[in-house]
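Notes for the one structure printed next.
Taken together, the values in this text are just the output of simple stated rules run on the coordinates, not laboratory data. Keep in mind the model is a prediction, meaning the values are calculated, not measured. Cβ coordinates were reconstructed from backbone atoms using ideal geometry, including for glycine residues, and neighbour counts include every protein chain displayed.
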Amino acid sequence: MAYTPTREDFDRYMVPNYAPQKVIPVRGEGSRLWDQEGREYIDFAGGIAVNSLGHCHPVLVNALREQADKLWHLSNVYTNEPALQLAKSLVERTFADKAYLCSSGGEANEAALKLARRWAHDTHGAHKDKIISFRQSFHGRTFFTVSVGGQPKYSQGFGPVPGGILHAEFNNLDSVRELIGDDTCAVMVEPMQGEGGILPATQEFLEGLRELCDAHDALLIYDEVQSGMGRPGTLFAYMRYGVIPDILTSAKSLGGGFPVGAMLTTEAIAKVFTIGTHGSTYGGNALASAVALAALETIDTPEVLEGVQRRHELFREHLGAINSQYGVFQEVRGMGLLIGAQMAPQYEGRAKDILPLAIEEGVMALVAGPNVLRMAPSLVIPEEDIVEGMARLERAVARFVENA
Ligand SMILES: *Cc1c(COP(=O)(O)O)cnc(C)c1O
């Protein structure tokens with residue numbers, strides 16, 4: 001029966017843990033979206049750093065279609081060709097020897113944290129259980145990952161929080177020195193904090209973390225769920241720093257819009273996950289793996305990665321021009337196509353007020369915390385879409401400033 005869902009249906013039928021914008025997009029192509037009324041939008045949000053090749057990229061659509069006609073799912077009682085191809089491709093392109101596949105970033109991090117704990121337990125003893133992470137960090141919504149994440153509001157009110165978790169200050173090595181010891185099993189860090197406000201780690205910080213982890217025989221875990229998969233202009237952000245982790249997690253852009261995640265690690269660490277120690281019904285699902293493989297092989301090419309850097313400059317130029325006229329930002333920062341514009345002091349806490357105005361002007365953006373306007377577009381967004389999207393964003397900013 002013909003029934004057209006409305007935004008009111010969200011309030012009627014959905015658990016109220018989100019507050020989506022008023023419009024409902026129904027179709028996407030590249031970096032453009034159309035809503036139920038046929039209004040067109042330019043997408044600077046990219047599904048929160050997920051739609052790495054835009055909407056309905058022909059290579060991904062083909063990979064999905066071809067796999068859809070062959071085989072969708074088997075469970076881990078059997079393996080499948082796309083999962084093996086994806087694991088091989090990830091291993092060959094990174095520091096890692098082994099991959100664990102799952103369906104989301106939170107799950108990838110849950111696996112990383114459990115692996116680190118199990119590694120420390122099996123190789124050093126049960127006392128080595130402390131995990132150090134950073135205030136304002138975000139690692140997912142499972143109970144372990146929200147507890148390791150540095151935003152207490154996400155873990156409070158759910159009962160006893162898992163123990164052995166310590167929080168230091170991002171980009172402050174002294175704060176890590178105070179906490180790290182021989183009972184530290186791992187340090188988990190985003191090479192560029194995403195939800196925390198688009199804050200790249202300094203070179204010295206990651207180098208210092210590597211040294212501290214080595215000195216205390218602790219594992220260095222990079223959460224590259226948001227920062228990775230081509231978005232920094234290299235396949236992963238760690239490749240820009242040249243500081244190698246022991247474990248790395250990926251999701252978001254990895255599937256280009258299909259739910260998939262991966263945890264990468266070395267042979268020596270991987271081997272503590274013996275048969276039955278960890279698992280997931282959907283992990284390594286054939287459809288998800290086929291799409292991720294196509295995304296990975298398309299993204300990790302000089303054309304796409306060099307294009308990310310070119311587009312980064314273009315975003316900066318336009319944001320700089322908007323700012324020189326309206327003075328709304330105090331800093332534009334980020335790497336590649338993960339860009340944050342921090343609001344000027346007089347607009348403190350008001351980044352989210354720009355979003356509905358931007359929608360009205362026909363451009364979709366994001367925030368990262370209360371003070372940062374965030375952009376995480378497709379890695380192959382056409383330059384004319386950047387120019388047109390920025391013209392629309394400028395109109396939204398003008399209205400924001402007028403009404404502020
Ligand atoms: C989004 C995000 C996650 C969680 O990923 P989900 O797929 O939502 O579980 C974890 N870490 C970082 C850095 C993220 O940005």
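Numbers for the structure displayed
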item	result
Compactness of the stretch 81-175, expressed as Rg and Dmax over alpha-carbon positions, Å	15.4, 47
Cα-based helix-to-principal-axis angle, 105-123 vs the chain, degrees rounded to 10	20
MRE, 222 nm, helices only [DSSP H, n ≥ 4, -39500 (n - 2.57), over the chain, to nearest 500]	-11500 deg cm²/dmol
Sorted peptide list for 281-291, 185-195, 92-102, criterion being average Cβ within 10 angstrom, highest first	185-195, 281-291, 92-102
Long-range Cα-Cα pairs in the chain (distance over 37 Å), rounded percent	22
For the stretch 194-338: rounded, prolate or oblate by the Cα gyration tensor [a/c cutoff 1.5]	oblate
Neighbourhood charge, 15 Å Cβ-Cβ cut-off, centred on T234 and excluding it, Lys, Arg +1 and Asp, Glu -1	+1
For the chain, built as a Gaussian network whose Cα springs stay under 10 Å, the top-fluctuating residue of G255, G307, G276	G276
Other-chain or far-sequence residues with amide H under 5 Å of H55's (modelled H)	E29, G30, S31, R32
Point-charge dipole on Cβ atoms (K/R +1, D/E -1) for the chain, about Cα centre, debye to 20	680
Percent antiparallel among DSSP beta bridges (both partners in the chain, rounded to 5)	65
Listed peptides 45-56, 226-237 by packing density, highest first (mean Cβ within 10 Å)	226-237, 45-56
Viscosity 1.002 mPa s, temperature 20 °C, Stokes-Einstein D of the stretch 71-299 from Kirkwood C-alpha radius, µm²/s	122
Fluctuation leader among I165, I24, I275 - the chain, Gaussian network, Cα springs under 10 angstrom	I275
Residue among P356, P152, P16 with the largest mean-square fluctuation in a Gaussian network model of the chain, springs linking Cα atoms under 10 Å	P16
Ordering of 389-399, 260-270, 324-334 by burial proxy (mean other Cβ atoms within 10 Å per residue, highest first)	260-270, 389-399, 324-334
Helix 81-93 vs. the chain, principal-axis angle (Cα, 0 to 90°, nearest 10)	90
Hz values of 3J(HN,Hα) by residue in the stretch 391-404 - Karplus curve (6.51, -1.76, 1.60), Gly and Pro given as x	4, 5, 4, 4, 5, 5, 5, 4, 5, 4, 5, 4, 8, 6
Likely footprinting exposure, E402, E178, fewest C-beta neighbours within 10 Å first	E402, E178
On Cα atoms only, tilt of 203-215 relative to the major axis of the chain in degrees	20
Over 24 Å between alpha carbons, listed pairs K130/K153; K114/K352; K88/K271; K22/K153; K114/K252	K114/K352; K22/K153
